[in-house]
Amino acid sequence: MAGKIPKEEMEELRDAFEKVDMDSSGQISTYELHDLFREAGCPQPGYRVREIIQRLDRNNDNVISFDEFVSIFQELKNGEIAKSFRKAINRKEGILAIGGTSEQSSEGTQHSFSEEERFAFVNWINSALENDPDCKHLLPMDPNTDALFQKMGDGVLLCKMVNLSVPDTIDERTINKKKLTHFTTQENLNLALNSASAIGCHVVNIGALDLKEGKPHLVLALAALLRDGETLEDLMKLSPEELLLRWANFHLENAGYQKINNFSSDIKAGRDTHADSRAYFHLLNQISPKGTDEDQPRIDISMAGFNEKDDQRRAEAMLQEADRLGCRQFVTPADVVSGNPKLNLAFVANLFNKYPALTKPEGEDIDWGLLEGETREERTFRNWMNSLGVNPHVNHLYGDLQDALVILQLYEKIKVHVDWSNKVNTPPYPKIGTKMKKLENCNYAVELGKSAKFSLVGIGGQDLNDGNPTLTLAVVWQLMRRYTLNVLEDLGDGQKANDDIIVRWVNTTLAQAGKTSKISSFKRKTPGYAVSMARKIGARVYALPEDLVEVKPKMVMTVFACLMGRGMKRA
């Protein structure tokens, strides 16, 4: 899709921008851009660099902002210079890169990671799984080597990590743990990757915790973060990252300390004397147990290191206090000083989960029914969208679809042409007329649905724009169903698939296996164990075990369709 950059790639660009921005000014000068071209192996004459700046410098200040930097990247993305840019960025200290090697990986694809992230993730895995008997042969791993990648090979660690992220996603009985062969190892990897996809991972990594699906008492306490004029529904539409930032600033404000705007540059040492690890000192002091709860003894946070002038030593002193709370995971002093966004986000998420230090507000007119959270059906649809790499990432199913941009991306996934140039309004929207621009997108989405022969009786663009749950789900379900059937059509040499064809395939397959049981529809109860087994053999099942136990016909259909697709692929 023209003009769209995936969230993960945008984060990489942000990291790259900060590495090129040598003087940490938040802008790239002519000299810095010239230096980057030279390091990329494609030096440009001075006039050429000045031309680039003049063309992309929208506010004529002779420097390039992050948005303008993104424009350069998009312009060069498909050319040789873009490849050189990646190489130059990867050569920066601490950035390593690996290429895709499997058939599924795009030829020439490069995935980058930092040594700091590897170090943090290995230590987290060592700590989280140290008492798991199934992982004794794999742990502990040395964070200073490539053990992380080598020990993922049998799939056991990956399966365990999926269940750490969303408990009970994988039925433990389906993980092959003993006498592993090439075949059983491949089954484990299929199980892990398909399960990760089912819980919404587009790229298999360790992301921020989903706060809205966490512990119920934490979600209740989030109401304390409401601002004037804001409803609980508004709060629940925030992304996990935005919620964490709101939470941190809530406590910093109570401490009488300056707020932060992010977990990267505002934490990075040298940018602001009030930021970096000093903000964490105050955060720890605010959330530490005060001895008022019987099950939590008092823990006093020492502020002695707050005035330490050396950035590294100050960060180390802060982390020693975090360790007293059992929360030193994910970051080193260097990660705090450098403002590593991913690791600092994980550090703060861990603090929130262990010590939210929030109380449910009393006497306020709040609709607590909104805290019931999303249904399993809504979560399945949201995870399916995110696994396809839609941008922006869908955190709130209805709120994030109100401008229809995600829905339009899904139309492309089901082979419906989208006229992005002439029919779609993209951000940034104008200050006046924003709602109308989004409504136009929604109307176009309904128009495309009708052209795709969707059943949209009584559904208009206004319903999508309003976030109407029932009618939005009706559109999303038809998108997911068409996507699933398209997969079968691709595998079946163009033969169209429908519910009846899937039922016949199931019964034929059962008969060929010598089974006497049959199905006549998708209203038959199927054990939850089957979901993990389906993923294990390579079927990308998005339905949850509970959907099968409660016989949700739509979700059951997707399970059998995925199994049929896997069977056709083997044939």
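So the values come out like this:
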| item | result |
| --- | --- |
| Qualifying trypsin sites (Lys or Arg not before Pro) for segment 307-349 [loop in DSSP, other Cβ within 10 Å: at most 10] | K309 |
| Links that overshoot a 32 Å alpha carbon limit, given the list K259/K431; K136/K237; K342/K413 | K136/K237 |
| Backbone HN-Hα couplings from phi across segment 296-303 [Karplus 6.51/-1.76/1.60, Hz, Gly and Pro as x] | 10, x, 5, 10, 8, 8, 7, 9 |
| Vicinal HN-Hα couplings computed from phi for segment 384-400 (Karplus, 6.51 cos²θ - 1.76 cosθ + 1.60; Hz; Gly/Pro x) | 4, 4, 5, 5, 8, x, 5, 9, x, 4, 8, 9, 10, 4, 8, x, 7 |
| Built amide H within the under 5 Å cut-off of S302, gap 5+ | none |
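Any read-out appearing in this document is the output of simple, stated calculations on the displayed coordinates, not a laboratory observation. Not measured: the values here are computed from a predicted model. Reconstructed Cβ throughout: ideal geometry from the backbone, glycine too, with neighbour counts over all protein chains shown.
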